[in-house]
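Enquirer: Below are the structure tokens for one structure; questions will follow.
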Amino acid sequence: MEVDRFGNEYHVGRLGVAVNADKNAIRHVRYNPLTALWMGAEESYFIVEQTFIVLGRIIMGRESAESLGGPIRIAQLSGQTATLGFVALINLTAVLSVSIGLINLFPIPMLDGGHLAFYAYEAVFGKPMSERAQEIGMRIGLSMVMMLFLFVTWNDLARLNVFESVVSLFG
């Protein structure tokens with residue numbers, strides 16, 4: 001457990017995000033377009049790799065699922081990162097973009113990865129999956145996405161101690 005400069009306590013578990021609050025540690029380096037493109041691809045690969053490592057640790061039980069954050073946590077991080085400057089905010093935006101893009105490719109119906117799975121089925125069997133099977137898949141996919149959303153929002157609210165505040169109001 002660590003405490004940041006804003007007083008927030010959190011578990012260490014990173015999905016490619018690391019912020020150094022020391023503004024003197026930030027340096028600006030210019031690269032030619034091809035080098036910048038290559039370095040962007042390397043950084044994207046690193047983010048994807050770290051995402052899979054952390055998800056693997058969560059699945060194996062070596063990392064707490066409480067480290068997953070949702071929209072409230074993203075808003076918190078965005079506000080805190082904005083105080084570090086525009087470049088830090090752009091970096092956070094890039095990390096979030098790659099992470100959300102990766103999750104969108106998971107083979108869950110409702111997401112693009114689920115549609116790719118349906119296309120793969122059609123390529124293998126020479127005909128599309130039945131409408132009924134696709135409908136059931138979409139409902140399952142929607143349920144999975146909604147459960148994930150509720151879970152990470154619950155984590156966000158728990159991190160803010162909202163539940164303890166509500167209990168103290170009625171207790």
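Bear in mind these aren't lab numbers, they're just calculated from the coordinates by the rules spelled out. Just so it is clear, the model here is predicted, and its values are computed rather than measured. With ideal geometry, Cβ positions are generated from the backbone for all residues, glycine too; neighbour counts draw on all protein chains shown.
Enquirer: Find out how many positive minus negative residues lie around A36, taking Lys and Arg as positive, Asp and Glu as negative, among other residues whose Cβ is under 11 Å from that of A36.
Expert: Cβ neighbours under 11 Å give a net charge of -1.
Enquirer: Pull out the extension gain between I103 and A82, defined as 0.36 nm times the separation in residues minus the alpha carbon to alpha carbon distance; nm, one decimal. Mind dumping the intermediate values first?
Expert: On the way: separation 21, 0.36 × 21 = 7.56 nm, distance 2.46 nm.
Using 0.36 nm per residue and subtracting the Cα-Cα distance, I get 5.1 nm.
Enquirer: Given the peptides 150-159, 118-127, arrange them by the average over their residues of other C-beta atoms within 10 Å, most packed first.
Expert: Going from most to least packed, we get 150-159, 118-127.
Enquirer: A further question follows. Order these by the 10 Å Cβ neighbour count, fewest first: I108, I136. Display every interim value, and only then the final one.
Expert: Values: I108 21, I136 13.
Going from least to most buried by this count: I136, I108.
Enquirer: Next up: Rounded, prolate or oblate: pick one for the stretch 107-171, where a ≥ b ≥ c are the square roots of the eigenvalues of its C-alpha gyration tensor, a/c under 1.5 means rounded, and failing that, prolate if a/b is larger than b/c, else oblate.
Expert: Taking the square roots of the gyration eigenvalues as a ≥ b ≥ c, the stretch 107-171 is prolate.
Enquirer: Further, regarding this structure: So for H115, H28, fewest C-beta neighbours within 10 Å to most, what's the order? Mind dumping the intermediate values first?
Expert: On the way: H115 15, H28 5.
Exposure proxy ranking, most exposed first: H28, H115.
Enquirer: Sticking with this structure for a sec: With each pseudo-label sitting 7 Å past Cα toward Cβ, what's the M147-I59 distance in nm, one decimal?
Expert: Going from the M147 label point to the I59 one covers 1.5 nm.
Enquirer: Now for a separate question. Does the stretch 74-136 come out rounded, prolate or oblate by the C-alpha gyration tensor, with a ≥ b ≥ c the root eigenvalues, rounded set by a/c under 1.5 and, if not, prolate when a/b is larger than b/c and oblate if not?
Expert: prolate
Enquirer: Under a Cβ-Cβ cut-off of 11 Å, what is the net charge of the residues other than G69 that fall near it, where Lys and Arg count +1 and Asp and Glu count -1?
Expert: In short, 0.
Enquirer: Given a Förster distance of 41 Å, report the FRET efficiency between I136 and L160 from their Cβ-Cβ distance, rounded to the nearest 0.05.
Expert: The calculated FRET efficiency here is 0.65.
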